[in-house]
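Chemist: I'd like to ask some things about the structure below.
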Amino acid sequence: VTGGFVTPAISGRTFASVNPANGAVIGTVPDCSAEDMAIAIDAAAAAFESWRQVPAAQRGRLIRSAGQLLTEHAADLAALITAEQGKPLGEARFEVMLTAEAMFWFAEEGRRGYGQTIPDPMGNRRLFTLKQPVGVVGAITPWNIPLLALPRKAGAAMAAGCTVVLKPAEQTPLVALAFAELVAQAGVPAGVLQIVPTSDPGPTAAPLLDDPRVRKLSFTGSTAVGKLLMAGASRTVTNITLELGGNAPAIIFADADISSAVDSIVDLKTQMAGQNCLAPNRIYVDHSILDTVTSALADRVRSVQVGDGAAVGTQMGPLIDADALDRVDRQVRDAVDRGARLLAGGSRLTGPRWSAGYFYPPTVLAAVPADASALAEETFGPVYPVVGFDEESEVVAAANGVEQGLAAYVYTRDLSRAMRVAEALECGMVAVNENRIASTEAPFGGTKASGTGRESGHEGIEAYLETKTVALRFEPSPAGSR
Ligand code: NAD
């Protein structure tokens with residue numbers, strides 16, 4: 001990477017990035033420590049003084065150029081995402097496109113740091129607000145959207161005039177380095193974005209919580225780590241945005257278009273092999289259509305082509321690692337042990353074609369009892385636990401009965417019901433007869449244990465701005481003068 005955008009490890013240690021489809025080492029990156037993180041924060045703090053003075057329009061031009069470079073290198077970036085993360089090439093290419101779009105959006109939003117003028121209760125004053133960059137931003141990103149997580153944090157923060165120290169997930173550091181390379185090539189000055197890869201995230205991330213110059217922390221990942229970071233951020237009262245785990249309900253009412261609901265759910269669960277915080281995790285179906293929906297789901301998932309994301313025709317790639325495979329398998333066993341019926345999939349794919357990767361087939365479970373872990377916990381895998389319901393109020397209560405509140409999906413042709421249920425669900429995002437809930441233009445985020453704050457939309461840049469109120473007194477015109 002050109003221009004000092006990656007912090008070298010003082011120790012000289014490196015770690016490997018591995019392809020989850022075949023176990024091949026793709027490359028090695030510096031294995032940074034807390035000491036290296038502190039150096040990155042020094043550089044970001046120094047760069048902040050000049051970057052904040054760069055007019056927002058000029059910052060926007062540089063961020064837009066980086067977005068343009070992303071589109072020009074889309075094929076290479078997609079191949080790298082597939083190699084590191086496992087998702088099929090088409091999906092990886094879509095991620096690159098969304099990433100470029102997000103860069104274009106924030107390049108423009110940075111120019112819209114509007115304050116307010118406020119009527120003065122006293123006279124002879126003007127009250128107004130300024131929007132100013134918060135300062136140095138710490139960003140911690142996940143492996144499931146290894147590229148798209150970057151513009152939502154670093155793109156937005158840089159556009160707002162902040163400088164960024166970003167720690168990518170240990171499974172996908174190379175994608176973050178490729179992003180930094182293009183940001184450097186676009187002409188963003190050194191120090192504005194620092195990537196700090198590490199195989200030991202807890203200790204290495206600690207300075208992001210303890211250094212008072214880091215004024216904002218934005219994290220995407222598990223609820224467990226989010227809670228640790230939230231507690232840690234209290235030490236320096238650092239502003240924090242948390243995008244944490246989901247456990248989305250998908251509710252299919254009797255009047256829904258069944259085949260489009262089934263397509264929508266399978267589409268969502270196939271992306272990232274179900275390792276998507278937005279993926280439906282619990283499927284509630286009106287009893288009158290339960291058998292039809294369950295068998296349609298089972299038929300539909302049997303046609304999903306599982307394999308190496310780089311191979312032609314693959315629709316669903318591997319899980320990210322052995323831990324992910326164990327968690328999914330454990331939840332499926334637990335549901336079956338408690339009486340659920342297995343209609344498709346159900347165990348790790350084995351044999352010569354699969355053994356070097358972490359492949360799990362789409363798995364449909366019917367009659368899943370309420371106490372199964374597949375309903376209470378986020379699966380983060382291609383599992384479809386189906387549960388029947390009778391009443392709207394009953395299904396809303398069940399949907400809300402978990403600690404998470406990120407996304408929800410509702411399928412119905414009844415507009416009044418759609419509105420009632422969308423308003424009653426405790427979550428940050430609801431999709432009605434639709435599966436694409438996230439877009440650059442709209443706020444993205446969760447309630448309850450799914451996090452605090454929003455990314456994307458106008459809120460996505462507000463997260464990196466402080467509001468300063470100015471009260472300015474002025475002398476009235478002397479009597480008789482004009
Ligand atoms: P994870 O929390 O283990 O890892 C996410 C990031 O946190 C990685 O960069 C990792 O290195 C880092 N990390 C781990 N321990 C840390 C620590 N002690 N201190 C600081 N950083 C630490 O999560 P995971 O299990 O690898 O990722 C999947 C989770 O992420 C799921 O729960 C999923 O729902 C969530 N997720 C949420 C969203 C969202 O927008 N809400 C998006 C994608 C993923």
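Chemist: Go through region 224-261 and count every residue that is surrounded by fewer than 24 Cβ atoms within 10 Å (Cβ to Cβ), of a type in the set (Val, Ile, Thr) and more than 16 Å from the ligand (Cβ to nearest atom).
Modeler: 2
Chemist: Here is a follow-up. Does LEU166 qualify as being part of a strand (DSSP E or B) and either surrounded by 24 or more Cβ atoms within 10 Å (Cβ to Cβ) or within 11 Å of the ligand (Cβ to nearest atom) (or both)?
Modeler: Answer is yes for this residue.
Chemist: Ok, one more. From the list SER393, SER450, exactly one residue is surrounded by fewer than 17 Cβ atoms within 10 Å (Cβ to Cβ), at pLDDT 95 or above and hydroxyl-bearing (Ser, Thr, Tyr). Which is it?
Modeler: Only one candidate passes the filter, namely SER393.
Chemist: Starting from residues that are in contact (Cβ under 8 Å) with a residue 60 or more places away in the chain and in contact with a strand residue (DSSP E or B) (Cβ under 8 Å, 6 or more places away or on another chain), keep the ones in region 81-117 and report whichever is farthest from LEU325 (Cα to Cα).
Modeler: GLY115
Chemist: Report whether or not VAL196 is modelled with pLDDT of 95 or more, buried (at least 23 other Cβ atoms within 10 Å of the Cβ) and more than 21 Å from ALA34 (Cβ to Cβ).
Modeler: no
Chemist: Got a number for residues in region 204-223 being surrounded by fewer than 21 Cβ atoms within 10 Å (Cβ to Cβ), within 10 Å of the ligand (Cβ to nearest atom) and in a strand (DSSP E or B)?
Modeler: Of the residues in region 204-223, 0 are surrounded by fewer than 21 Cβ atoms within 10 Å (Cβ to Cβ), within 10 Å of the ligand (Cβ to nearest atom) and in a strand (DSSP E or B).
Chemist: Can you find a residue that is more than 29 Å from ASP36 (Cβ to Cβ), basic (Lys, Arg) and in a helix (DSSP H, G or I) anywhere in region 104-117?
Modeler: Yes, region 104-117 contains at least one residue that is more than 29 Å from ASP36 (Cβ to Cβ), basic (Lys, Arg) and in a helix (DSSP H, G or I).
Chemist: Let me ask something additional. For region 376-482, which helices (runs of 4 or more DSSP H) that fit wholly inside it have 2 or more residues that are more than 16 Å from the ligand (Cβ to nearest atom), on the phi < 0 side of the Ramachandran plot and out of contact with any Asp or Glu (no Cβ under 6 Å at 6 or more places or on another chain)?
Modeler: By residue number, 392-400, 415-424.
Chemist: With the checklist (1) part of a helix (DSSP H, G or I); (2) under 26 Å from THR163 (Cβ atoms) in hand, flag the one item GLN53 doesn't pass.
Modeler: Here GLN53 meets the rest and fails (1).
Chemist: If a residue has to be over 17 Å from ALA273 (Cβ atoms), in a helix (DSSP H, G or I) and not small (Gly, Ala, Ser) to count, how many in region 319-375 make the cut?
Modeler: Residues in region 319-375 being over 17 Å from ALA273 (Cβ atoms), in a helix (DSSP H, G or I) and not small (Gly, Ala, Ser): 5 in total.
Chemist: So, in region 1-50, exactly how many residues are closer than 12 Å to VAL164 by Cα, out of contact with any helix residue (DSSP H, G or I) (no Cβ under 7 Å at 6 or more places or on another chain) and in contact (Cβ under 8 Å) with a residue 40 or more places away in the chain?
Modeler: Residues that pass the stated criteria total 7.
Chemist: Of everything in region 146-163 that's in contact (Cβ under 8 Å) with a residue 60 or more places away in the chain and small (Gly, Ala, Ser), which residue is surrounded by the fewest Cβ atoms within 10 Å (Cβ to Cβ)?
Modeler: Restricting to residues being in contact (Cβ under 8 Å) with a residue 60 or more places away in the chain and small (Gly, Ala, Ser), the top hit is GLY161.
The values are calculated or read from the model by the stated rules, or taken from the named source; none is laboratory data. All values reported here derive from a predicted model rather than from experimental measurement. We place every Cβ from the backbone using ideal geometry, glycine too, and count neighbours over all the protein chains shown.
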